[in-house]
Structure formats: structure tokens, C-alpha cells
Amino acid sequence: MRIDLHTHSSVSDGTENPAELLTTARNAGLDVVALTDHDTTAGWALAEAARPAGLTVVPGMELSCRWFPDDQPPISVHLLAYLFDPTHPSFAAERGRLRDERLQRGERIVTALAADGYPVVWEEIVERSEGGVVGRPHLARALVEAGVVESVDEAFATLLHHRSPYYVAKVDTDVREGIALVRAAGGVPVFAHGLATKRGRVVGDDAIAAMAQAGLLGLEVDHPDHAPHERAHLRGVAAEMGLIVTGSSDYHGTNKQTPIGACTTDPAQFEALLDAGIGSAPFRD
Ligand code: AMP
Ligand code: FE
Ligand code: FE
Ligand code: ZN
């Protein structure tokens, strides 16, 4: 069994639509794939309709959150959520707020870039974000197409990284609130790429303990952005706190170099996740 529990389609910041993504998953020999677009469930129905026979699809999402340390500015954290009820009202409202927040902050970044002469037009970027969930990868694509940079990676390295003068932070959900919402909707919250230092500051074990206290059920341990010592540390934390361990590619189509299935989840851990998710059911034969 090959299980990849973290992928993005063009409904958020991946480059393949949900049907194409499932074909990619099948062709890569996966048995189970989770669709985890940022802050939206818009891809679920498309994935259910397009699911190839033999492939199990886990409906999921990646919620944009923040951890508030006592002595430092907030730290961006991503919360994977699986098998929740997409109609749960307060959770649906919070996703809507985050999508709106993405639009406002995306426009602010683009306005600042345009003011310095970069040839980017906000309306064109929104138009090309199929699902309307705009993220920095959309801005990166626009910069590539305008000939400003050669690649999405170069756009992040030069203009879009979190220390850039053009960077604007989103007002993301307090992660403890996010965990509570996922649980209230019957879902399984899993802390995504928790020690990915290349993305910015990361939280300490104290934060993970607080998240577990708030109802966190799993840690994404095997992730392309985690070095071996980071995986080992998280595996230890998961064992200590009794959390599910997942592994996944965080596939984004051609917006990232990582192939689908680059990291995978152990079947016994997947079973534990299935048992815990009661808000919706996987799409399967
Ligand atoms: P946002 O949610 O708009 O802040 O953008 C974050 C997204 O940008 C992540 O989900 C990744 O898809 C992507 N990303 C972040 N850092 C990089 C990077 N260095 N290179 C390519 N993509 C990145
Ligand atoms: Fe992304
Ligand atoms: Fe993420
Ligand atoms: Zn992701």
C-alpha cells in the first residue's frame, strides 16, 4: 500500500486540476491519496467525480494557521485536516475568511511590486487562480510569465520569501482555534511539515504539546522539507505524545520539484487516521 496524504490541485496553488492530480497519483502507483488544498474544499466534489477505480481518495484540506509564542512574533503553521464535515458552519466560515484574507494580502503584494515597476496585474492573477484561493505561487507564476524570473523557485528566492520587502503576512487562524474547529467538524487535525526550517521560523516542542492538549491527533513527520534529524525528532515527539505519524509529498504539480508519492504514510497509521475521522468518508471502491 502506497499512501500520500498531502497534495495540492489548481483549486489552490497546485498546477493540475483534481482529475489530473488523481491520474498522476494512479500512474505513480499510489493506492491512497489525500487532496489537501489550502483553505478550501472546492476540489472534493471534482475529485469524487473523477476518481479512478482502485484509488482511495481522502478528502482533506490544509488550514493556514499561526502559533503565538510568548516572547516572539507569531509563527506561521499549517494544519492538515482530514475527513471533516465540510458543511460545519463555523469551520466553513473560517475558511471563507481565510480565502478573503488571501485576496486582500495578494493584492497588497502585487500593488507594491507594480509600484516598483514589476509587470504584474492583480486582476489577471485572480482570473487565473481557478479556485480563487490565491497564494504566493500564483504571484510567482505571473513573475515567470512576465519574464522577471526564470522559475517559481527563483521568484520565491528573490521577491516572494517571507523576509522580502514585498512580503505581507496573512491574518491566519490561531492554531488552537483551528484544531478545535477541525475536531468540532469530526475531522482529524495533523500538524503539517512542523520542522521545515527552510520555510521560516518553526515552533518548539512546547507548542506541539499545547497543540496536542488542544486536540491535535497527528504529526506529518516524513516530508520533503524535513531533514533526517528533524524527522527523527518529530517521530520521538509523536511517540511520546501518542500522535499519529504521517508522511506525504506536499505535491504542487510543476509549482514545486517534488514528485507525488515522494514520502508516504505507514498503512497502520493511515488506519488510525481513518478511525478518527468521523465527519466525512473517503471516496473509494
Ligand atoms: P502563501 O500561502 O500565499 O503564503 O504561500 C505559501 C505557499 O507557497 C506554500 O504553500 C507553497 O506552496 C509555496 N512556497 C513556499 N515557499 C516556497 C519556495 N521557497 N519555493 C516554492 N514554493 C514555495
Ligand atoms: Fe502551497
Ligand atoms: Fe503547507
Ligand atoms: Zn501543502
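Each value in this text was obtained by applying a stated rule to the coordinates, not by laboratory testing. What you see is a predicted model; the values in this text were computed from it and never measured. When we count neighbours, we look across all protein chains shown, and the Cβ atoms used for this are built from the backbone with ideal geometry, even at glycine.
In table form, for the structure just shown:
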| read-out | value |
| --- | --- |
| Share of alpha-carbon pairs per 10 Å distance bin for the stretch 63-118, given as whole % | 18, 34, 32, 14, 2 |
| Rounded to 10°, Cα long-axis angle of helix 89-115 versus longest principal axis of the chain | 30 degrees |
| Whole-angstrom gap from the stretch 176-198 to the stretch 37-72, using each part's C-alpha centre | 11 Å |
| Angle between the chain longest axis and helix 267-276 axis [Cα atoms, degrees, rounded to 10] | 90 degrees |
| Pairwise Cα inverse-distance average, inverted: Kirkwood Rh of the stretch 99-158 (Å) | 11.4 Å |
| Whole-Å semi-axes of the chain's equivalent ellipsoid (Cα gyration tensor) | 28, 22, 18 |
| Residue order, fewest to most surrounding Cβ atoms within 10 angstrom, among 256, 198, 170 | 198, 170, 256 |
| Relative contact order for the stretch 99-158, counting Cα pairs under 8 Å that sit 6 or more residues apart, in percent | 30 percent |
| Order of 179, 260, 278, 125 under a 10 Å beta carbon neighbour criterion, fewest first | 278, 125, 260, 179 |
| Per-residue Cβ neighbour rank within 10 angstrom, fewest leading, 55, 216 | 55, 216 |
| Mean Cα-pair separation over length for the chain, i.e. relative contact order, pairs under 8 Å, 6 or more apart, % | 26 percent |
| Selected from 129, 90, 248 as most flexible by GNM, with the chain as the system and alpha-carbon contacts under 10 Å | 90 |
| Highest-MSF residue in the chain out of 43, 215, 147 [GNM, Cα springs under 10 Å] | 147 |
| Helix 175-184 axis, angle to the chain major axis (alpha carbon atoms, nearest 10°) | 50 degrees |
